[in-house]
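Colleague: Next up is a structure, given as C-alpha cells.
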Amino acid sequence: MHYSSATKAILGSSVAIKQLRALIDRCADSNAPVLLRGQSGTGKELVSRALHDSSHRANHPFLAINCGAIPDQLLESELFGHCKGAFTGATCNRKGRFELAQKGTLFLDEIGDMPSQLQVKFLRVLEEKIVEPVGGGTGIKIDVRIVAATHRNLEEMVSEGKFREDLLYRLNVLPISIPALDHRSEDIPELLAHFADVFGTGGEQIMFTKRSLLLLQAYSWPGNVRELANFVQRFSVLYPGKTIEIPQVPDEFLTKELIELNRRYEMSTNNESLEEGADFSSSDAITADNPLLDQSLSEDDIEGRDKHITHLYKNDFEQIIELSNSISAIPAEGVPTKDLLNNLEANLIRTALDQTDGNVSKASDLLQLGRTSLIQKITKYQLGKDQ
C-alpha cells in the first residue's frame, strides 16, 4: 500500500503500524476533529503532525499545546488570547493559539487535563467556530482543524463528572488508537537502528547482539517509544560505536524488569522452571532513573564481549525466547519441545564445563544447580570434559 511521505515518518512494519498509517491517510483531509488515544510515549504528537502534513492544511501553521502543562488560569489566555487590561500583566492585546493556527491544525495534548470551566468555552468554540478573547472584544471567526490527545480513559472521567460528555462526543468524531510498543515488539529492531543513527556521533552508531535484541523485544517498554529513544541515547553517549551485550551491562544502567528478564534468560536451563511456563513478557516494570555515571563497564568489556559468546548461541536460545514471547506463533509444523529444552540444557552444561575446565563444583555454581543434580544431568546427556 502507498503511504504519504508524512506517515512514513511513523516507523515500523507491524500490522498495527501499517493500519495506523492507513487510517491517518484516510482521515488527513477531513476537517472533523480527531481524538488520539494511547499511552504516554507512544508518539501522539508525531501522529498529529502526520495528520497535518498529509492534509490540505500542510502549508498553514501546526501549533501544539499541552493542557496539563499550563496553569489553569493561564490556559484560557493561551488558547483564546486576551485583550489589553483583561487581567494584571495584560499590557497589550495578545492572540491565542486558535487564532495563530488559522487555516492550520491545533494539537491539544492531554485534553483530559483541561479544567472543567474551560471545557464549556472550548465546546462553544468547536460548535460556533468563533473565539472570544479573555476580557471581551469582538469574536474572531476561525478555521482550525482540532486534534486532541489523551492517555486517560475519558469515558471513566465522564462518569466521574470530570469531563463533559458533550465535549467527548464532539472530539471523538475520528478516534485513532496508537498501539503501545509492547504490542508491536517486531518493530523494536527498526526503532533501535533508527535512534542509533539519530544519536550516533561522527558515524559511530551503537549496535546490539542478537541476544540483546531478543531481551529488548521481550521487555515491556512501559515508557514506549520515548523510553526506547532515551535508552539508545544513553548508550550512544556512553559507548559510541560499540556493540552492546545487555548481560554485561551493570544493573544500574538497566530497568529492574530488564535485569529480571536477563536473570530468567540465564536460568532457563532448568527444565522444571521452563515447563512451569516462565513468562518472558512480564509487564510489571519499574523504570530506573539513575544518571548512569558508573564507569564500571569499560571499553575492553564491550570490545571483548564476543570472546565470551560461545556455541551457546548456535543452538536454541533464540527460538525459545521467541516462542515464549506472547506475540509469537507456533509454526504450523509444530515444535519439538522436549528436544528443544533438552538441547538447551545440555548445551548450557557443556558450556559451563568448558568454562570451568571440567570442574563440576564450579560448573554447578555457574548454573545455580545442586552438584548432585548436575552430575545426574551430565550422565543423562553423556557429557564429559572431552565433550
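The values are calculated or read from the model by the stated rules, or taken from the named source; none is laboratory data. The structure presented is a predicted model; accordingly, all values stated were derived computationally and were not measured. Cβ coordinates were reconstructed from backbone atoms using ideal geometry, including for glycine residues, and neighbour counts include every protein chain displayed.
Colleague: I need a count of the residues in region 125-140 that are out of contact with any Cys (no Cβ under 8 Å at 6 or more places or on another chain) and surrounded by 14 or more Cβ atoms within 10 Å (Cβ to Cβ).
Modeller: Here the count works out to 6.
Colleague: Conditions: (1) within 19 Å of Ala32 (Cα to Cα); (2) surrounded by 15 or more Cβ atoms within 10 Å (Cβ to Cβ). Pro179 meets all but one. Number of the miss?
Modeller: It is condition (1) that Pro179 fails.
Colleague: In a helix (DSSP H, G or I), β-branched (Val, Ile, Thr) and farther than 30 Å from Gly41 by Cβ: is that true of Val120 in this structure?
Modeller: Yes; evaluated as a whole, the condition is true for this residue.
Colleague: So, of the residues in region 219-245 that are under 25 Å from Arg184 (Cβ atoms) and of a type in the set (Gly, Ala, Ser), which turns out to be farthest from the chain's Cα centre (by Cα)?
Modeller: Ranking the qualifying residues of region 219-245, first place goes to Ser236.
Colleague: Of the residues that make up region 130-150, is at least one at pLDDT 95 or above, within 25 Å of Leu23 (Cα to Cα) and assigned to a helix (DSSP H, G or I)?
Modeller: So far as region 130-150 goes, no, none of its residues is at pLDDT 95 or above, within 25 Å of Leu23 (Cα to Cα) and assigned to a helix (DSSP H, G or I).
Colleague: Identify, from the list Phe107, Phe98, the residue that is of a type outside the set (Val, Ile, Thr), modelled with pLDDT of 95 or more and out of contact with any Gly (no Cβ under 6 Å at 6 or more places or on another chain).
Modeller: Result of the check over Phe107, Phe98: Phe107.
Colleague: How do the pairs read when you match residues in region 184-206 that are over 21 Å from Gln39 (Cβ atoms) with residues anywhere that are basic (Lys, Arg) and not in a helix (DSSP H, G or I), using Cβ under 6 Å and keeping only pairs 6 or more apart or on different chains?
Modeller: Matching pairs, first to second residue: Ile206/Lys242.
Colleague: So which residues in region 169-183 are in contact (Cβ under 8 Å) with a residue 24 or more places away in the chain and assigned to a helix (DSSP H, G or I)?
Modeller: Arg170, Leu171, Leu181, Asp182, His183
Colleague: Check off (1) without any contact (Cβ under 8 Å) to a residue 24 or more places away in the chain; (2) assigned to a helix (DSSP H, G or I); (3) not polar (S, T, N, Q) for Gly161 and give me the number that stays unchecked.
Modeller: It is condition (2) that Gly161 fails.
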